[in-house]
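Beneath this line is the structure, given in structure tokens, with notes to follow.
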Amino acid sequence: MYTKFCIALSKLCLVLAVTCLIAVILCVQWQVIGRYVFNDTPTWAEALALLLVLFVTAFGLAVGVRDAGHIGLESLVGLLPDKWRHRIEILIHLLVGTFGVLMAQGGWLWASAKWSEKKPMLPVPDGIDYVPVMIAGVLIVIFSIEHVIALVRGQVVEPTWN
């Protein structure tokens, strides 16, 4: 049941990442049209595009962790005996999960510290830049737990792309 939840969450992350990426493209296009066609550059377009890139990165990073697409030492781990390889893989996912906890905690601290300030070009709090860090951190923890559970059970986490 946890795996089904993670699959659905990962697919939602992919949909959100693609949607945000399309929105980035539209923002940049609107900025170009405003500048060269209407001779009136929309000041909000670049700021919104930069904010959306943070969300695209956060969702893509989380899906990359679930699909085990993050940077790893596969060649070194693959040379170990099965017993040690299994332990090291669990350790790797525990360390990645710990990193996710630190990301979520750090994102929360920065977002709450900057929330009272306003962005100059957008009518949103300045702390919103750190919300994607929190989201990515929480998702990394969720997906790392899924990997550890799968390794303990002797299963493999199927990538979202399938």
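The values are calculated or read from the model by the stated rules, or taken from the named source; none is laboratory data. These numbers were taken from a predicted model, which means no experiment stands behind them. Quick reminder, even Gly has a Cβ in these numbers, built from the backbone with ideal geometry, and neighbours come from all protein chains shown.
Here are the numbers:
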| read-out | value |
| --- | --- |
| Checking Ile92 against (1) within 22 Å of Tyr2 (Cα to Cα); (2) in contact (Cβ under 8 Å) with a residue 24 or more places away in the chain; (3) over 15 Å from the mean Cα position of the chain (by Cα), the condition it does not meet | (2) |
| Residue match in region 68-89 (condition: β-branched (Val, Ile, Thr) and at pLDDT 90 or above) | no |
| Filtered residue count, region 13-68, keeping only those that are under 30 Å from Phe99 (Cβ atoms) and either of a type in the set (D, E, K, R) or touching a residue at least 60 places away in the same chain (Cβ under 8 Å) (or both) | 17 |
| Where Ile25 falls short, out of the listed (1) modelled with pLDDT of 95 or more; (2) aliphatic (A, V, I, L, M); (3) surrounded by 13 or more Cβ atoms within 10 Å (Cβ to Cβ) | (3) |
